[in-house]
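Engineer: Would you mind keeping the following structure in view while I ask a few things?
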Amino acid sequence: MCLAVPGRVLRIQERDGTRMADVDFGGVVKEVCLEYLPDLQVGEYAIVHVGFALQRLDEESARQTLELFSELGMLEEEFGDPWKAAAGEEAQL
């Protein structure tokens, strides 16, 4: 399954002429393209799908959605377990 997941912008930079950001998805940080939301700022939340920030989201809605996704196991399904990945356990499974 491929979800559109809310994330919080941690850092914004330009890479090869493209506005990119490091985005926190409940503890997992991924690089995201901000070209569809050129005025998104550090600290704001956005819905992200396949590496693109698509829509701005308020903090409370983002928090509630991340909590629900986490309870349902959807964040682990989408991103994997970062601790297992760091330990190399996923490759052994």
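Engineer: Taking 0.36 nm per residue of sequence separation and subtracting the Cα-Cα distance, how much length would be gained by fully extending the chain between Asp39 and Glu59, in nm to one decimal?
Structural biologist: Using 0.36 nm per residue and subtracting the Cα-Cα distance, I get 5.5 nm.
Engineer: Turning to a different aspect of this structure: Within the set of other residues whose C-beta is less than 12 Å from the C-beta of Arg56, count the net charge using Lys and Arg as +1 and Asp and Glu as -1. Walk me through the intermediate numbers first.
Structural biologist: Working: positive: Arg8; negative: Asp39, Glu44, Asp58, Glu59.
So the environment of Arg56 carries a net charge of -3.
Engineer: Determine, from the Cβ-Cβ distance of Thr18 and Glu71 and an R0 of 30 Å, the FRET efficiency 1/(1 + (r/R0)^6), rounded to the nearest 0.05.
Structural biologist: Working: r = 34 Å, r/R0 = 1.15.
Between Thr18 and Glu71 the formula returns 0.30.
Every number in this text was worked out from the coordinates using simple rules, so none of it is lab data. All values reported here derive from a predicted model rather than from experimental measurement. With ideal geometry, Cβ positions are generated from the backbone for all residues, glycine too; neighbour counts draw on all protein chains shown.
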